[in-house]
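To start, the structure under review is shown below, and the notes come after it.
The values are calculated or read from the model by the stated rules, or taken from the named source; none is laboratory data. These figures come from a predicted structure and were not determined experimentally. For neighbour counting, all protein chains shown are included, and Cβ atoms are generated from backbone atoms with ideal geometry for every residue, glycine included.
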DNA sequence: CAGTGGTCTAGACCACATC
DNA sequence: ATGTGGTCTAGACCACTGG
């Protein structure tokens, strides 16, 4: 005898049960019901809680795991994805690789952090009103002491209130780990647009290249749950010893 | 009562049934049992043929559909992926987009096709012996009549015997569609490495930019079933009106 | 209408992790 | 030994497609 299906009944649309459940789980993640790194309830627990079968829970979780929102570990449980212990997928949001193949994680050196207003043009990408408060971070990524990338990062002031150079400098770990633990902002997705530009004199000095030398300009908009943009950045990257890598399928 | 499981019995390793089945299906694809664009047998047919349940067939097919080897269409069947009718996913292997957002498909103009020996350095990427026969194709991609990308393409002579400029020129459709229909070479995956380089005078003339202007250099190795490389190419791309786009998650 | 893939269920068993 | 996710099965029903 089939069980009653409260999820289906509550939603007039024709969305499959497991997708409705997925959206409910995302809502729970947004509501901080389970924190990054923690285990969510077991499949059987969720099945009984939502009144669906374990197979339906499994499909919902599989969809979220495919989007890197959850991580499944056999025998242990299903965990909320986190940027703080990502030594496995360290290069999920870093597509810059060394040509010689020696891929240690780069060091990040903060140049400055400034409060101000969001630049016009960037406001649109972040869904902000022109003139809104914003924080601008500039930093350099260094591989084995050699500067490779100059990042300029623009953040909405409302989400990152209280971000200072001292705090970033004090933090050990990636920038997105910093966002997650210190501001509760969880990065889940990004879109990048890459162009080639000449180095101006200021950038050339920082990256130790000749002025005019071609650089990759990697423009990125980063999103949290629900496709809400939370970061804009431009990375200027020398490709003397590095390249931007991508897999197509 | 559980059925006998011949697949499991035949394989001493501890690979799940659906992965074994997936590999068998890939073998059938390689053996040309089903051609690109054709439908493969229905789930129930495959289930009875291999002595597994429909659910197991479903998981195997889902894995292949996730890798873009098969395409599922509800109510119609499961089809072998093809490059010849890909107006839906036209940009699967083309990451160059127009900055103004008007994304028609570019025209391809062949410059020349030459028989010769594989350049050292590229031989390694293609898994070829140094000095092997190779075919070199140069072409320009034009958006609305304006040249944007200069491609240099190196192909193993053994796989593409008989490829001439006349044949490419006569073909209507994408290059990978040409490979698929004329040579039975099916592209399924690629790896790209992007750097920034200055335009030399010859390239600058073709792309109508100033010599020394920064270009994207997109180096690509393309693979068929089983991870066998079948194409090397370098695309030089002006980013005045275009960019290289990528999604991270 | 029949045939296809898509969803959902229920239950069994397996492999892994931990105690 | 227990609990977790992973696999596999069998069957029912739904949604889409096309004759």
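Quick notes on this structure:
- Boolean, residue A:245 is at pLDDT below 95 and facing chain B (nearest Cβ under 9 Å): no
- Filtering the stretch A:50-71 to residues that are part of a helix (DSSP H, G or I) and out of contact with any helix residue (DSSP H, G or I) (no Cβ under 9 Å at 6 or more places or on another chain) leaves only A:65.
- Residues of the stretch B:183-223 satisfying the condition of being within 15 Å of the chain's Cα centre (by Cα) and over 25 Å from residue B:164 (Cα atoms): B:191, B:192
- Each residue in the stretch A:93-138 was checked for being touching a residue at least 60 places away in the same chain (Cβ under 8 Å), exposed (fewer than 12 other Cβ atoms within 10 Å of the Cβ) and within 25 Å of residue A:165 (Cα to Cα), and 0 pass.
- A single member of A:230, A:203 is more than 12 Å from chain B (Cβ to nearest Cβ) and part of a helix (DSSP H, G or I), and it is A:203.
- So residue A:137, is it away from chain B (no Cβ under 14 Å), part of a loop (DSSP other than H, G, I, E, B), modelled with pLDDT of 95 or more and within 17 Å of the chain's Cα centre (by Cα): no
- Residues in the stretch B:40-52 that are near DNA strand C (Cβ under 9 Å from one of its atoms) and surrounded by 14 or more Cβ atoms within 10 Å (Cβ to Cβ): 4 in all.
- If only residues of the stretch B:77-93 that are under 23 Å from residue B:244 (Cα atoms) and modelled with pLDDT under 95 are counted, the one that is nearest to the other protein chains (Cβ to nearest Cβ) is B:92.
- The one condition in (1) at pLDDT below 95; (2) in a strand (DSSP E or B) that residue B:194 fails to fulfil: (1)
- Verdict on residue A:213 being in contact with a helix residue (DSSP H, G or I) (Cβ under 9 Å, 6 or more places away or on another chain) and within 11 Å of another protein chain (Cβ to nearest Cβ): yes
- In the stretch A:41-52, the residues that are away from every other protein chain (no Cβ under 14 Å) and free of Cβ contacts under 8 Å to residues at least 40 places away in the same chain reach residues that are more than 9 Å from DNA strand C (Cβ to nearest atom) and in a loop (DSSP other than H, G, I, E, B) with C-beta atoms within less than 9 angstrom, at least six apart or across chains, in these pairs: A:41/A:34; A:46/A:40; A:49/A:41.
- Filtered residue count, the stretch A:72-102, keeping only those that are part of a strand (DSSP E or B) and farther than 20 Å from residue A:189 by Cβ: 4
- Residue A:46 vs. criteria modelled with pLDDT under 95, in contact with a helix residue (DSSP H, G or I) (Cβ under 8 Å, 6 or more places away or on another chain) and more than 10 Å from DNA strand D (Cβ to nearest atom): no
- Looking across the stretch B:57-76 at every residue that is within 11 Å of DNA strand C (Cβ to nearest atom) and within 14 Å of another protein chain (Cβ to nearest Cβ), the one that is surrounded by the fewest Cβ atoms within 10 Å (Cβ to Cβ) is identified as B:74.
- Candidate set from the stretch B:3-24 (those that are within 12 Å of DNA strand C (Cβ to nearest atom) and either outside any loop (DSSP other than H, G, I, E, B) or at pLDDT 95 or above (or both)); member that is nearest to the other protein chains (Cβ to nearest Cβ): B:17
- Residues that are in contact (Cβ under 8 Å) with a residue 60 or more places away in the chain and not in a strand (DSSP E or B), drawn from the stretch B:146-178: B:159, B:173, B:174, B:175, B:176, B:177
- Qualifying residue in the stretch B:177-194 (condition: away from every other protein chain (no Cβ under 14 Å), surrounded by 16 or more Cβ atoms within 10 Å (Cβ to Cβ) and within 19 Å of residue B:111 (Cβ to Cβ)): yes
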